[in-house]
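Peer 1: First the structure, then my questions, so here it is.
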Amino acid sequence: MNTDLWSLLSAIFKFGTYIGVATILGVVALILIKSNALKESYKSIMIKVVLGIIGTVGYFFTQVGGFAQSGFGGMFDADIIQLLYSTGNGDLLLFRTLGLAYFLFVLMLFHKKIFQLKSSLLAVVLLPSVLCVLWSFTAVGHIADLEWYWQFLLLSHVLVALAWAGSLAPLSRSVETYNKKNSSQMLSHYSKLGIVIVIILFIAGLGLSLKLMILGDNPVATEYIVTFSLKIALVLVMLGLAAYHKFVLSEKLLTDSVKTTDISKSIKKENIIGYGVLLVTALLTTIVGINH
């Protein structure tokens, strides 16, 4: 596995992109539960979406630089930019940037009052953003050339995985600021959504893994298998923490034997691991590569 500067920069920018997209999907997921719970996370949501835009644009130009191979100035090679923009890389840049920018525009337009809107109305307002960022995942990579049902599995996997990772930070903030009764209610609703997320994540993840690693035409690199195994291990840790929150801490909250701040701290740990999963995924799709 040969790692050059452009691959490393691509992984860093892609990680930033994932954080931004995860924030969008996570916010929409929490809106379906309790939209006004997001008011306390307004500033951090804005920052992460901006990070996603920077990551998306930066990722495209590192691809340009990697093709040009003429130093950092090669990132702005007009011919290479035109060439890559005419490919799936251009579609990824366009749709993902549009989705992130639209989400940011809506947040800036309404400010914190946006989270006082009716959940169903707010979800509809933000739907174009969700559709754009999801569609961008079909633009490049192995999945871009696959049949529609494999692409549907990919979109399902992206939706639930990133929504899970992106919802944890605002969830922990909400639990931290709510009283015990409201925190308990929100955790109860979130756990129901979590069951759906886990089921879809398992089915879609298993299907994609079979397609890319077993049913594929080319041998899978050892580095990919090792890194993929690390990702699975981190996801299992997240599942363990999620189960701990649902079956242990939530029950203790009802009996006043645990503080909301304790639950918030535990969710923050799950959130850190979730970002670890996003980082490993960025490495898998840039530096490592399935057939590297």
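FYI, it's all coordinate maths here, none of it is from the lab. All values reported here derive from a predicted model rather than from experimental measurement. Methodologically, a virtual Cβ is constructed for each residue, glycine included, from the backbone with ideal geometry; neighbour enumeration extends over all protein chains shown.
Peer 1: Would you look at the GNM of the chain, springs on alpha carbons closer than 10 Å, and say which of Phe152, Phe60, Phe115 moves the most?
Peer 2: Phe152
Peer 1: Too long at a 29 Å Cα-Cα cut-off: which of Lys14/Lys265; Lys113/Lys252; Lys180/Lys269; Lys14/Lys252? Kindly include the intermediate steps, with their values, before the conclusion.
Peer 2: Working: Lys14/Lys265 27 Å; Lys113/Lys252 33 Å; Lys180/Lys269 20 Å; Lys14/Lys252 39 Å.
Listed pairs above 29 Å: Lys113/Lys252; Lys14/Lys252.
Peer 1: Please give every one of the lysines within straight-line cross-link reach of Lys112, meaning a C-alpha to C-alpha distance under 20 Å, and leave out same-chain neighbours fewer than 8 residues apart.
Peer 2: Hits, sequence-local ones excluded: Lys34, Lys39, Lys43, Lys48.
Peer 1: A follow-up question, please. Report, in order of residue number, the helices in the chain meeting two criteria: a C-alpha extent of 15 Å or more along the helix axis, and a mean Kyte-Doolittle hydropathy of at least 1.6; treat each whole DSSP H run as one helix.
Peer 2: Working: long enough: 5-34 (43 Å, 1.82); 42-68 (39 Å, 1.21); 88-110 (33 Å, 1.51); 119-135 (23 Å, 2.29); 148-177 (43 Å, 0.82); 180-209 (41 Å, 0.93); 222-244 (33 Å, 1.66); 260-283 (35 Å, 0.48).
The qualifying helices are 5-34, 119-135, 222-244.
Peer 1: Going by average Cβ density within 10 Å per residue, which order do the peptides 188-196, 93-101 take, highest to lowest?
Peer 2: Output ranking for 188-196, 93-101: 93-101, 188-196.
Peer 1: Can you order the peptides 166-172, 246-252 by their average number of other Cβ atoms within 10 Å per residue, highest first? If you can, show how the numbers build up before the last one.
Peer 2: Values: 166-172: 26.1, 246-252: 14.7.
The most tightly packed comes first, giving 166-172, 246-252.
Peer 1: Could you check which residue among Lys113, Lys14, Lys265 shows the biggest mean-square fluctuation in a GNM of the chain with a 10 Å Cα cutoff?
Peer 2: Top of the fluctuation ranking is Lys113.
Peer 1: Here's something else I'd like to know. Can you tell me what the convex hull of the Cα atoms of region 5-288 projects to on average, as an area in nm²?
Peer 2: 15.1
Peer 1: Which residue, Asn271, Asn182, Asn89, tops the fluctuation ranking in a GNM of the chain built on C-alpha contacts under 10 Å?
Peer 2: Asn182
Peer 1: Still on this structure: Taking the Cα centre of each part, how many Å lie between region 58-100 and region 227-271?
Peer 2: Value for the Cα centre distance between the two parts: 39 Å.
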